[in-house]
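Let me begin by presenting the structure, written as structure tokens, before commenting on it.
The values are calculated or read from the model by the stated rules, or taken from the named source; none is laboratory data. Predicted, not measured: the structure shown is a model, and the values here were computed from it. No Cβ is skipped: glycine too gets one built from the backbone with ideal geometry, and neighbour counts run over all protein chains shown. When the accessible area is computed, the model is the full protein with side chains, heavy atoms only, and any ligands, DNA or RNA have been set aside. Shrake-Rupley method; radii C 1.70, N 1.55, O 1.52, S 1.80 Å.
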Amino acid sequence: MRPVKRYWTRRLGGAACVVAIVLVANFFLFRLMPGDPVATVLDPRFSPEAKAQLEALYGLDQPLGVQFLLYLRRMATFDFGLSFSTQRPVLEEILERLPNTLALLVPAYLLSVLLGTVLGVIAARRRGHLAEKAVLAAGAVSFSFPSFFVQMVLLLLFAYVFPVFPLRGSLSIPPPEGTWRILADRIWHLALPVFSLVLLGFGGWALTVRNLVVKVMGEDFMILARAKGIGERRLLWGHALRAALPPLLTLFLLSLPGVVSGAVLTETVFSLHGVGRFLLDSVLGQDYPAAGGAFYLLTLITVGSNLLADFLVQLADPRIKTGGEESR
Amino acid sequence: MKMRWSAWVLAVFLFCGFLLPLFLKGDPREPVAAPFSKPVWADRTQAPAMSLTVPTGEAGKTFSWSWEAPRGLSVTGEVLFAKTPSKAALIWETPAGAKWVLSDLSGQNRWTLDLDARDMAFRISLGLSPFDESLRGLFDKHGMIRVRIESDVPVERSSLLVKIPGERWGLFGTDQRGRDVFLLFLYGIRVSLFVGILAVLVSSLIGLDAGLVAGYVGGAADTFLMRTVDVLLSVPLLPVLMVLAALWGKGLWQLVLILGLFSWMGTARTVRSMALSFREAPYVEGLRALGAPTFYILARHGIPTVLPLLLANIALGVPGVILSEAALAYLGLSDPRVISWGRMLHEAQSFGAFTTGAWWLLLPPGLGIALLCLAFMDLGRALEEWADPRLKGGRA
Amino acid sequence: MIEIEGLSVSYRSGKKEEQALSGVSLSLPSGQITGLVGESGSGKTTLVMAILGLLPPEARVAGRILVDGVDVVGMAENERDRFRWRRVALVPQGSQNAFNPVLSIGSQVAEPLRVHRGLGRREAERRARMLLDEVGLGSKAAERFPHELSGGQRQRAALAMALSCDPAFLLADEPTTALDVLIQAEIADLLKRAVRERKMGMALVTHDLPLASGLCETICVLDGGRLVETILAKDLARGAKHPRTRALVAALLEMEGNLS
Ligand SMILES: Nc1ncnc2c1ncn2[C@@H]1O[C@H](COP(=O)(O)OP(=O)(O)O)[C@@H](O)[C@H]1O
Ligand SMILES: [Mg+2]
């Protein structure tokens, strides 16, 4: 088998495994527990029409195997049924919240990776200097302080003591008039959550970058690169960071599942109208179709971004293409 | 070996979590002062909680007042006169010289009082506005206040207790139900330590077995276990924990199991790489050649080889578990009857810490978690250096 | 012309201090190949690295190294970058890990041209392909990555890279060690041709006396960090005074005797 093919067989196989396990787990967990659809059919909260609809949807009169196939078909078409609590399609609820979650996570993680990389490289070059100490401290904070605690303190500081940012929500109530005003209002609501995620995220990332770059700086090829007299900047960014890129991307990839956890907590602290918060509310309210759907979609997003990151690793590391040593 | 700071911190935490509550009387679940009271050291313009007995003598009880008027005041207890007084009263003299009759005690030789400033009837009888929260009339300026029983007959016995709940209480103040945050904080140590250490033991046990089997036996077992690790590492942890906690119940033991089941991956990888080199060691090959059973080799020689690093791994694993437990509790997925730091933060958020600016509800549990995590990380580093002295000094 | 005067280098690791070079003085004239011969651990690599200012931070350097008459000991990094590669280039010892594993050979050969000559990317890579062709790798090698080349091919690529800015002086640190005998000869030929054609000076570091005597005009023998003898290659068989040199020559003669 060609190396690239082997690489992708492994990655795609892993991704398929994750999705399959989550599907099976979802199916059984949500069926075996109190408040499962079978019991809910007997719930007086539901009108007879709703019960009939539910029975048909889950195929509750059919054997378990058929139920599973029906379930698979629904999952494949993202048909998660109606939410118990709002009686609206779960997919609709999730899609309504997804932009908020993405608007939180994408800028936050791009900024923390950017900031962390720059500071990490600087810290790697100036060992023992202030930059390195700052990076070490920020890293220790991000590994030992509960993220939600730091966010709560920030919220208390910047929304209560110095009320510059709003206490809660993704949008003012009532929302302002006009597209630009709404946009500005959304940014105002997102500023503190994004800032807090950057503050919590860049330290760990900078520490990783620093450690990898320090390791690369000790390698033989860095001596020759220095001999070429190409200047400190090219040496650091062009050679050291470039050589550290494949393992860095791999680590970034490993951190992606944590991003989803971060979304749940951040959206809870700041009361944002996002998917993570939706998952929490569904779990707390025993709204199984909603919780299952949100969990499944979040897993899909994680697996999808994992594959994307794998693709980037493959681009960054020529050794994978031709089967040299793999970077992890 | 020099005593690491982390060892001191852990010792103090252990003492505070397990021994100190034995000496402190009081149930942490019971209110002790007004809700949202600040810590005593925080705001000196606010009154601390006070509790004064009124003696039988003519002079009564005098105390000095130098704070803003409080919102609460209560008088409870019994008075017994030698014989029925024709004229008697419980008198309150303010620093400015005003005289208030808190309660008329004439015409009866035994009185049981239960007065509370939150009580409309009491306020009206005093002539206070039923709507103005503060008792500005009774505390008209800073100075000496006197409470006494005035009567034409001697007072035989008095168990009258004047209580001012105050706006300041204890080391860390009180929460939304008036519970002592310091006591809650102490009880929270137990949960964090209990869940943190037990869950890591569970996960280390799994990780040790999985790592040894994967590294030493190899082959299909290795492939299977390492694929499992990859899969577990690519699933978002917190949502899984949330769903499991909601489905399996929120008890501490369930939590320990759930957290243990989802945090053994790192240990398995570490142990596996050690087992790989252990398998190639000459004495192990010798044992194999002599026909020693795999189980014997692993139990007798494998585990002792990986043990030092495993200990370091255990210590380094505790922060992750403590943080996960706190996150679950913060999200409201913990047993509400169990006091934990995460639960305290959950309640702080749900019951208006942000609308009242009650920072003292946030800082103790949050900083407690952080300090405990930092201590375990430092301990783990020390154990790591002990297991592998090459790490000493320059850690990359 | 590189002149070395009283060069001493020691490495500190913890409390231990290891003297790698003590009071070495020699000159490496331009337009000539000078051999630096000595056993493993005698300080040859240290000498070469000291010239380019590439010693690790734990190294202590004393003495003077004049490159074109300028002392480079204790120079700042950015000043060193002015003579590195433009005046003095390096073919490193064991080019196994000499190349950045994630960058293509072409881009690494072109890099000095872009920095020192200010060429654009296209032009620099065109020149790089020409250089790779010249050292017998073929211009296709430009798109390949270090791990795809054999040891000999990597050594050729390293030579192409060293030649990229037409340096006045080439430092070749054991360029043929760890290669097959046949490939050793090819690389030696290549070095000789390149130096002759470009009228460069070269310091050839090796513990292989036959190679040195075949290529060099002058040979400097290092032993335990000291320069023990400087001798013309043609006088090697008879004129060696120092016992270390004689031992080396005796071993060489014996080997030749065995071969014939
Ligand atoms: N980075 C270093 N730290 C400590 N000692 C070193 C270091 N590099 C080289 N040495 C020591 O310096 C001496 C000379 O080494 P080197 O210049 O590499 O010799 P050669 O290239 O002739 O084999 C050796 O004894 C070696 O152990
Ligand atoms: Mg050498």
Kirkwood Rh and Cα-based Rg: tell me the resulting Rg over Rh for the protein assembly as shown, rounded to two decimals. 1.11
Taking the Cα centre of the protein assembly as shown as origin and charging only Cβ (+1 Lys, Arg; -1 Asp, Glu), how large is the dipole, in debye to the nearest 20? 1360 debye
Taking chain B, how many lysine pairs are there with alpha carbons less than 18 Å apart, if each pair must be eight or more places apart or span two chains? 7
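For chain C, what is the relative contact order in percent, using Cα pairs closer than 8 Å and at least 6 residues apart in sequence?
Over chain C, the number comes to 25 percent.
Take the alpha carbon gyration tensor of the range B:50-164, find the square roots of its eigenvalues, order them as a ≥ b ≥ c, and report rounded if a/c is under 1.5; if not, report prolate when a/b exceeds b/c, else oblate. Intermediate results must be reported in sequence, preceding the final value.
Numbers: a/c = 1.94, a/b = 1.50, b/c = 1.29.
Verdict is prolate for the range B:50-164.
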Whole number in Å², please: accessible area per residue of the range A:96-327, 1.4 Å probe, ligands, DNA and RNA not counted. 41 Å²
Hey, if you put +1 on the Cβ of every Lys and Arg and -1 on every Asp and Glu Cβ in the protein assembly as shown, which of A:S147, A:Q67, B:F18 ends up farthest toward the positive end of that dipole? A:S147
Where does each of C:69-76, B:362-369 land if you order them by average Cβ count within 10 Å, highest first? B:362-369, C:69-76
Set of lysines near C:K241 by C-alpha distance (under 24 Å), chain-local residues within fewer than 8 positions excluded: C:K44
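Ordering A:T299, B:T84 by how much accessible area each has at a 1.4 Å probe, largest first, what is the list? Each step should come with its number before you reach the end.
Working: A:T299 5, B:T84 80 Å².
So the residues, ranked largest to smallest area, are B:T84, A:T299.
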Helix-derived [θ] at 222 nm for chain C: sum -39500 (n - 2.57) over DSSP H runs of at least 4, divide by residue count, nearest 500? -12000 deg cm²/dmol
Once both axes come from the Cα atoms, what is the angle between helix A:130-144 and the longest principal axis of chain A, in degrees from 0 to 90, rounded to 10? 20 degrees
Cβ-placed point charges (K, R +1; D, E -1), dipole of the range B:163-319 about Cα centre in debye, nearest 20: 360 debye
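Shielding of A:139-151 by partners, i.e. mean partner chain Cβ atoms within 10 Å per residue?
Values: counts 0, 5, 2, 0, 7, 13, 8, 15, 4, 10, 16, 2, 0.
Taking the mean over all residues of the peptide, I get 6.
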For chain B: relative contact order, % (alpha-carbon pairs under 8 angstrom, 6 or more apart): 20 percent
Charges only on Cβ, +1 for Lys and Arg, -1 for Asp and Glu: so what's the dipole of the range A:96-327 about the Cα centre, in debye to the nearest 20? 900 debye
Could you order peptides A:77-88, C:5-16 by the average number of other Cβ atoms within 10 Å of their residues, highest first? A:77-88, C:5-16
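Divide by every residue of chain A the summed helix terms, -39500 (n - 2.57) for each DSSP H run of at least 4, and state the resulting mean residue ellipticity at 222 nm, rounded to the nearest 500 deg cm²/dmol.
Details: 13 runs with 239 residues, N = 328.
Mean residue ellipticity, 222 nm, calculated: -25000 deg cm²/dmol.
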Projected label distance in nm at C:S40 and B:A96, using a 7 Å step from Cα toward the beta-carbon: 9.8 nm
Which of rounded, prolate, oblate describes chain C, given a ≥ b ≥ c as roots of the alpha-carbon gyration tensor eigenvalues and a/c under 1.5 marking rounded, otherwise prolate only if a/b is larger than b/c? oblate
In a shell of Cβ-Cβ distance under 13 Å around B:T84, excluding B:T84 itself, what net charge do Lys and Arg (+1) and Asp and Glu (-1) give? +1
I'd like the accessible area for C:H242, computed on protein heavy atoms only with a 1.4 Å probe and all protein chains in place. Round to 10 Å², please. 50 Å²
Just which residues of the range A:222-237 lose 30 Å² or more accessible area with every protein chain there, against their chain alone, with the probe set to 1.4 Å? A:I223, A:L224, A:R226, A:A227, A:K228, A:G229, A:I230, A:R234
Pull up all non-local amide H partners of C:E229: gap of 5 or more, or a different chain, and H-to-H distance under 5 Å with H placed in the peptide plane. C:V221
At what distance in nm do the modelled label points of B:L19 and B:A121 sit from each other, each positioned 7 Å from its Cα along Cα→Cβ? 5.1 nm
Out of A:L167, A:L155, A:L298, any idea which swings most in a Gaussian network model of chain A, alpha carbons joined below 10 Å? A:L167
Measure nothing fancy, just the Cα-based angle from helix B:5-14's long axis to the longest principal axis of chain B, in degrees from 0 to 90, nearest 10. 60 degrees
I want to verify a result. In a Gaussian network model of chain B, Cα cutoff 10 Å, which of these has the top mean-square fluctuation: B:E68, B:E93, B:E285? B:E285
Rank B:T53, B:N109, B:S129 by how far each Cα sits towards the positive end of the charge dipole of the range B:50-164 (+1 on Lys, Arg Cβ; -1 on Asp, Glu Cβ) and give me just the farthest. B:T53
Could you work out the helix-only [θ] at 222 nm for chain B, with each DSSP H run of four or more residues adding -39,500 (n - 2.57) and the total divided by the number of residues, to the nearest 500 deg cm²/dmol? -15000 deg cm²/dmol
Quick one: pull the percent of accessible area on the protein assembly as shown belonging to carbon and sulfur, 1.4 Å probe, ligands and nucleic acids left out. 61 percent
Could you run the numbers on buried accessible area between A and C, total for both chains, 1.4 angstrom probe, in Å² to the nearest 100? 2200 Å²
Modelled label reach - C:R64, point 7 Å along Cα→Cβ, the range C:26-56 residues with backbone N closer than 17 Å: C:26-29, C:51
Cα long-axis angle, helix C:243-259 against chain C (0 to 90 degrees, to the nearest 10): 70 degrees
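Which of rounded, prolate, oblate describes chain A, given a ≥ b ≥ c as roots of the alpha-carbon gyration tensor eigenvalues and a/c under 1.5 marking rounded, otherwise prolate only if a/b is larger than b/c? Please list the in-between numbers first.
On the way: a/c = 2.90, a/b = 1.50, b/c = 1.94.
Oblate, because a/c is 1.5 or more while a/b does not exceed b/c.
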Under a GNM of chain A (C-alpha, springs under 10 Å), which listed residue has the highest mean-square fluctuation: A:L297, A:L23, A:L183? A:L183
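Using the beta-carbon distance between B:H301 and A:L69 and R0 = 60 Å, what value does 1/(1 + (r/R0)^6) give for FRET efficiency, to the nearest 0.05? Display every interim value, and only then the final one.
On the way: r = 50 Å, r/R0 = 0.84.
Between B:H301 and A:L69 the formula returns 0.75.
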Under a straight-distance cross-link criterion of Cα-Cα below 19 Å, which aspartates and glutamates are reachable from C:K16, leaving out those fewer than 8 residues away in the same chain? C:E58
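Summarise the partner chain shielding of B:352-361 as one whole number: the mean count of Cβ atoms from other chains within 10 Å of each residue's Cβ. Walk me through the numbers before you get to the answer.
Working: counts 0, 4, 9, 3, 1, 4, 2, 6, 0, 2.
Mean partner-chain Cβ count within 10 Å for B:352-361: 3.
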Whole-Hz ³J(HN,Hα) from phi, Karplus 6.51 cos²θ - 1.76 cosθ + 1.60, for the range B:45-58, glycine and proline x: 7, 9, 6, x, 5, 9, 8, 10, 8, 9, x, 6, x, 5
Just subtract the alpha-carbon distance of B:A289 and B:Q108 from 0.36 nm times their residue separation and send over the number in nm, one decimal. 55.1 nm
